1. Quick check on segment 218-252: of everything there that is loosely packed, with under 14 Cβ neighbours inside 10 Å and not β-branched (Val, Ile, Thr), which residue is nearest to residue 23 (Cα to Cα)?
2. Can you name every residue in segment 271-307 that is over 20 Å from the mean Cα position of the chain (by Cα) and of a type in the set (Ser, Thr, Tyr)?
3. Picking from 195, 158, which residue would you name as being open to solvent by 10 Å² or more (accessible area, probe 1.4 Å), within 25 Å of residue 70 (Cβ to Cβ) and either in the same structural domain as residue 61 (by TED's automatic domain parsing) or within 16 Å of the ligand (Cβ to nearest atom) (or both)?
4. If residue 131 satisfies all but one of (1) in a loop (DSSP other than H, G, I, E, B); (2) of a type in the set (A, V, I, L, M); (3) more than 16 Å from the ligand (Cβ to nearest atom), what's the number of the condition it fails?
5. Which residues, counting only those in segment 253-294, are surrounded by fewer than 16 Cβ atoms within 10 Å (Cβ to Cβ) and β-branched (Val, Ile, Thr)?
6. Just to be sure before I move on: is residue 335 modelled with pLDDT of 95 or more, open to solvent by less than 10 Å² (accessible area, probe 1.4 Å) and closer than 20 Å to residue 3 by Cα in the structure I sent?
7. Under 9 Å between Cβ atoms, which residue pairs at least 6 apart in sequence (or on different chains) link something in segment 73-87 that is more than 7 Å from the ligand (Cβ to nearest atom) with a partner that is modelled with pLDDT of 95 or more and among the acidic types (Asp, Glu)?
8. Do you know which residues across segment 143-174 are of a type in the set (S, T, N, Q) and either under 14 Å from residue 79 (Cα atoms) or assigned to a helix (DSSP H, G or I) (or both)?
Amino acid sequence: MERVHNFNAGPAVLPEEVMREAQADFFNYKGKGLSVMEMSHRSKDYQEIIDQTYARVKSIYGLGDDYDVLFIQGGASMQFLMTPMNFAAEGKEVNIIHTGVWSKKAIEQANLIGKKVHVAASSEDKKFSYIPKGYELSDNPAYLHITTNNTIYGSEWQIDPEVPAGVPLIADASSNFMSKPMDVNRYSLIYAGAQKNVGPAGCVVVIVKKDYLNTINEGLPSMLDYNTYHKAGSMFNTPPTFTIYMIGLVLKWIENFGGLDKVHQHNLTKAGYIYDVIDKSDGFYKGHVVAEDRSLMNITFRLSSEELEAKFISEAAAKGMIGLKGHRSTGGCRASTYNSLPLPAAKALSEFMTEFMKNNG
Ligand SMILES: *Cc1c(COP(=O)(O)O)cnc(C)c1O
């Protein structure tokens, strides 16, 4: 059977080459007589795998020795808790730019552990259909937290924001991690759940400035303290070994693709096919986000009624295009067009959208 065109928001499509390489390695990894899944994380063979994944994160983003890369479980959802727990010192406020469902969860988790939260800017007034163009920090900001791509509403930061000297910038980059060049040096910490753009579920990749780790609050539980992962090379306990291996394969695929500039071009082309149809549809498809802030990763749109949306989704599925239903909190339609989504899939969707409009307009 043919593979479907997979527009799932996460876990999401992975590159065919990666799946085939993993399949070849699966039963007997490079002639070692066992699967990666069966290896001790303390073995030399596994150390090579995690070292390579680490090195690839650094080389793709061009990171220097001043940054560390950590692999942590618990999802991006646990990062909502860890960031305030580690970096909001007594008397300082967590500053968050509120752009959707995920930033709301970041606010909630900081509140839950008794941290003071200041919403530095918000796009809630217009149903999160844009990225705020300015922000106001509180008097004593611990840091500023942004969500670089809003997976559910479909908005994306087009720039890496500037922050005043001395204010660390933290980003939840789960859904646009490694999708385009990024000025990582502006950020003190970036985290990304792997299952959107760089692998299967089970691991968060954290990029952190080493000197930022010196500011961590004391007395934290080991598993919730970034320094635990930093000091132990992400092997204080058993890491998600197979997921880290898969991330390594996806990163090798990105390198072979030509790096982030090439990946970005590819993503622009794919999203362009679909946005073009929306823009030329005379309101048949209504994009949720203002054009200048639209995401290259998650394309959100509505049709004139829920019935028509249901028909659209089911006819698309019949043509082998799956995952087009919007998030349960927003409804509508969403096409996720992550790095690994092949060009023909985006093309097929845009053609189907044009045809569907003709038949139902
Ligand atoms: C998916 C997602 C999350 C949540 O990730 P989990 O791994 O399910 O905890 C958080 N932030 C963003 C931007 C996401 O896309």
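The values are calculated or read from the model by the stated rules, or taken from the named source; none is laboratory data. Since the structure is predicted, the reported quantities are computational estimates derived from the model, not experimental observations. Heads up, the Cβs are rebuilt from the backbone with ideal geometry, glycines too, and the neighbour counts pull from every protein chain shown. Quick note on the areas: whole protein, heavy atoms, side chains included, nothing else; ligands and nucleic acids left out. Shrake-Rupley method; radii C 1.70, N 1.55, O 1.52, S 1.80 Å.
1. 237
2. 273, 275, 281, 285, 304, 305
3. Details: 158 fails: within 25 Å of residue 70 (Cβ to Cβ).
Unique residue meeting the criteria: 195.
4. The number of the failed condition is (3).
5. Those that are surrounded by fewer than 16 Cβ atoms within 10 Å (Cβ to Cβ) and β-branched (Val, Ile, Thr): 269, 290.
6. On the way: modelled with pLDDT of 95 or more: yes; open to solvent by less than 10 Å² (accessible area, probe 1.4 Å): yes; closer than 20 Å to residue 3 by Cα: yes.
Yes; evaluated as a whole, the condition is true for this residue.
7. Taking only residues 6 or more apart or on different chains, the pairs are 79/172; 80/108; 80/172; 82/225; 83/172; 85/225; 86/225.
8. 147, 174
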